[in-house]
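What follows is one structure encoded as structure tokens, with my remarks underneath.
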Amino acid sequence: MESLKLGSLEVWPPVVLAPMAGITNAPFRTLCREQGGGLFVCEMITTRALVERNAKTLKMIRFAPEEKFRSIQLYGVDPVTVGRAVRMVAEEGLADHVDLNFGCPVPKVTRRGGGSALPYKRNLLRAILREAVRNAGTLPVTMKMRKGIDDDHLTYLDAGRIAAEEGVAAIALHGRTAIQHYGGTADWEAIARLKEAVTEIPVLGNGDIWSADDALRMMESTGCDGVVVGRGCLGRPWLFRDLAAVCEGSAERARPSLGEVAATMDRHATLLTESFGSEQHAVTDFRKHVGWYLKGFVVGAELRRRLATSNTLAELREGLAELDAAQPWPDGVVDTPRGKTHARDRVHLPAGWLDDPYDLAVPCADAELDTSGG
Ligand SMILES: Cc1cc2nc3c(=O)[nH]c(=O)nc-3n(C[C@H](O)[C@H](O)[C@H](O)COP(=O)(O)O)c2cc1C
């Protein structure tokens, strides 16, 4: 297995923590990074808010001093604004790598022509990528996308070729269409087809990696140059230890006891508190992680409920202390889906969006409002 080359950056193992809005903030990246190497992408930042220097947005661009490759994901729909945002990242040294998000399936985003709706407009996609690369200086720019809007409107092969032509450093494909959201299974065949079609730059595979062995299987079956792992590491930063092990050819796997899991939960909530500067905000934010951390362990419903409704670190710690610390890692059960798994029955698009795949009209700036990720 080879390291992943993104321009001048060399990433080993060839493993990427998928950007996840509301999840992959600095505290979560720290927990994952401590387990094993790779590239750990921050939460998505909208280009318009960045160039307008929105205070909340600027606060989200926070990296721990030890983050070796500071990786930022941008989302935008306007070539000029994307170019300005990338230039700002490069000139102000805000990150070492820029990823562009073209995979968001959320209705309020696609309805305005953003996210996973955008690659359908080939010339607009090309213009955005061109401006991003042109303004990036020496920073590598990568793109992350889905297969297309639905099975009748697949765009990934065109988008992959456009990306390679425009000097993008790597492309990541989530093997689902927008209409699939997170339902069904990811199509790894499509990753193989993209890898065949785009030979100039690394192709990364994404979708349904729930264990390190899944990652190995994806690389072997598709020939992809690296993997992007999202939901599989929710409540499970140890997956990065397994991913590093599998890439080194080791069969060793992390099997933390419930006591070790509880200690990591405590640390996660503590890091969030330090990062947010508000215990209440941090503990409330942490609630969504509780079920993921406890997946597969035998924990009574009442204690689970108390942990997931804690209001203070003290309350959370009281609950964690009641867990059966000696309980072993629930093999097997943990390697199954977690996080979002729902599908949709339609993709909301602007009127007439599918009429002309080549028109260059830029979606209205509102397409960057209220975005919430992939
Ligand atoms: C809660 C959540 C938030 C996400 N936010 C983003 C995002 O901001 N940018 C992005 O490109 N993808 C985002 N995604 C999609 C993931 O990066 C990834 O492509 C998807 O979950 C499929 O990979 P997986 O099967 O390994 O989870 C998000 C997914 C989830 C579950």
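The table that follows gives values for the structure above.
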| quantity | calculated |
| --- | --- |
| Test result for THR199, open to solvent by 20 Å² or more (accessible area, probe 1.4 Å) and hydroxyl-bearing (Ser, Thr, Tyr) | yes |
| Single condition ALA314 does not satisfy, out of (1) closer than 24 Å to GLY230 by Cα; (2) away from the ligand (no atom under 16 Å from the Cβ) | (1) |
| Residues satisfying the stated conditions in region 21-37, i.e. under 23 Å from SER3 (Cα atoms), more than 15 Å from the ligand (Cβ to nearest atom) and not in a loop (DSSP other than H, G, I, E, B) | THR30, LEU31, ARG33 |
| Candidates ARG193, ARG176, filtered to the one that is over 23 Å from TRP12 (Cβ atoms), out of contact with any Ser or Thr (no Cβ under 6 Å at 6 or more places or on another chain) and either open to solvent by 40 Å² or more (accessible area, probe 1.4 Å) or at pLDDT below 95 (or both) | ARG193 |
| GLY277 being more than 16 Å from the ligand (Cβ to nearest atom) and at positive phi | yes |
| Flag for ALA18 being open to solvent by 30 Å² or more (accessible area, probe 1.4 Å) and either touching a residue at least 40 places away in the same chain (Cβ under 8 Å) or more than 16 Å from the ligand (Cβ to nearest atom) (or both) | no |
| Strands (runs of 3 or more DSSP E) (entirely within region 160-240) containing at least 2 residues that are within 12 Å of the ligand (Cβ to nearest atom), under 24 Å from ILE128 (Cα atoms) and touching a residue at least 40 places away in the same chain (Cβ under 8 Å) | 170-177, 203-206 |
| Flag if ARG146 is among the charged types (D, E, K, R), closer than 20 Å to ALA343 by Cα and in contact with a helix residue (DSSP H, G or I) (Cβ under 8 Å, 6 or more places away or on another chain) | yes |
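The values are calculated or read from the model by the stated rules, or taken from the named source; none is laboratory data. All of these numbers come straight from a predicted model, not from anything done at the bench. Don't worry about glycine lacking a Cβ; one is built from the backbone with ideal geometry, like all the others, and counts go over all protein chains shown. Each accessible area value is taken on the protein alone, full model and side chains, heavy atoms only, with ligands, DNA and RNA left out. Shrake-Rupley method; radii C 1.70, N 1.55, O 1.52, S 1.80 Å.
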